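This report concerns only the one structure given below.
Read-outs throughout are calculated quantities, based only on the coordinates presented, and are distinct from any laboratory measurement. Keep in mind the model is a prediction, meaning the values are calculated, not measured.
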Amino acid sequence: MVVAETGGDMAQFASAQCLASWIGVCPGQNESAGVNRSGRTRPGNKNLKRLLGIAAMVAIRKRDSYLGVFFRRLAARRGGKRALVAVMHKLAIAIWHVLHDHAPYRELGADHFTRRDPERAMRRMIKEANSLGLTIRFEPIAA
């Protein structure tokens, strides 16, 4: 469906963000005098937006995937609908890279955020244990 709607040639889109904007899943921005108002997504290609919505809902159901973890992290702070649009945006960017670079999709994995910032993961675990009245001590593994 993506190839049918776009023609398959990603040269007409200068970047992945341009494709996301054309589809209508780019984040909206409405700020005036330092006050953020509702940033609605722009009207774009309805067929691709509907398709990305369905694909995003399927992707977030998988517990051990990057997109599922990304959705849950964002939904805790911003809400489910905004997080779903953010997953749709990530899928649009991935589609552009797959079709533009002729490279296969590479799943980052559920532990991507833990590998990216392990100190943050340790702080989170300590905070959760302290809220339960427990104490945790981390020691490096001797190789």
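For segment 1-80, what is the largest minus smallest coordinate of the Cα atoms on each principal axis, given in angstrom and ordered from greatest to least?
Reported extents, whole Å, longest axis first: 38, 38, 20.
From Cα pairs below 8 angstrom and at least 6 apart in sequence, can you work out the relative contact order of segment 1-42, rounded to a whole percent?
26
Let a ≥ b ≥ c be the square roots of the eigenvalues of the Cα gyration tensor of segment 53-125; is it rounded (a/c under 1.5), or, if not, prolate (a/b larger than b/c) or oblate?
Oblate shape, in that a/c is at least 1.5 and b/c is the bigger or equal ratio.
Can you give me the relative contact order of segment 1-128 as a percent, contacts being Cα pairs under 8 Å and 6 or more apart?
Relative contact order, segment 1-128: 25 percent.
Using a cut-off of 19 Å between alpha-carbon atoms, which aspartates and glutamates can reach K49, once sequence neighbours fewer than 8 places away in the same chain are excluded?
Cross-link targets: E5, D9.
Taking a quarter of the surface of the Cα convex hull of the chain, what do you get in nm²?
The number I arrive at for the chain is 12.7 nm².
Treating the angle as unsigned and between 0 and 90°, give the value, to the nearest 10°, between the Cα long axis of helix 46-61 and the longest Cα principal axis of the chain.
The two axes meet at around 20 degrees.
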